[in-house]
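Engineer: First the structure, then my questions, so here it is.
Values quoted throughout were computed directly from the atomic coordinates according to the rules given, and no laboratory measurement underlies them. Keep in mind it's a predicted model, so treat the numbers as computed, not measured. Cβ coordinates were reconstructed from backbone atoms using ideal geometry, including for glycine residues, and neighbour counts include every protein chain displayed.
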Amino acid sequence: MERYFWHLNAEQADGMACVVCGANFLTAKITAVPVGRNPADESQVFVCKEPCAGKIADDTERMARAMRAAATGTANAVDVDDMAECENGVFCVDGHFGSLLRDLKTLSGTEALLTTSDETSTLRFLLSLTARHAETAMMRARLVLARLKTEEPKEGEE
Ligand SMILES: [Zn+2]
């Protein structure tokens, strides 16, 4: 399934937590099922098999009905809004800037954990998390930077 999920926190974006209820799959014994992707980096995101997967299915049916209504001209244009939201806003919370801040927050969080943990499995997990977020942070920083450069007025212009 290629549905996008927005407004994800760092754990949800990493596939470590349910994108519906926020339950952490690492600490809670929950079966996770893939449900779609994080629009920021196309990585897979998950929900609890019970009951959140059912909620997503209901939600999807509701959206399908809304789309059908829109196609037949009977829509009252609800529900579609949150999908179009923030499409061009590089500085809105869900834009690259928001994602970048989230990466940096995760990195500073892993820094704190790295200094206190000495278990190899934990270290391995933290290091792969660091690598992933450092990489996306670099890409996002460059995207925001590129956007800022194109928006800057040229020298000599008043
Ligand atoms: Zn859940």
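Engineer: Hey, does the stretch 23-38 have a residue that's in contact with a Ser or Thr (Cβ under 6 Å, 6 or more places away or on another chain) and either surrounded by 13 or more Cβ atoms within 10 Å (Cβ to Cβ) or over 25 Å from L101 (Cα atoms) (or both)?
Structural biologist: For the stretch 23-38, residues in contact with a Ser or Thr (Cβ under 6 Å, 6 or more places away or on another chain) and either surrounded by 13 or more Cβ atoms within 10 Å (Cβ to Cβ) or over 25 Å from L101 (Cα atoms) (or both): absent.
Engineer: If you don't mind, another one. For the stretch 39-51, which residues satisfy the criterion of being surrounded by fewer than 17 Cβ atoms within 10 Å (Cβ to Cβ) and in contact (Cβ under 8 Å) with a residue 60 or more places away in the chain?
Structural biologist: D41
Engineer: So, in the stretch 1-57, how many residues would count as being outside any loop (DSSP other than H, G, I, E, B) and within 14 Å of the ligand (Cβ to nearest atom)?
Structural biologist: 20
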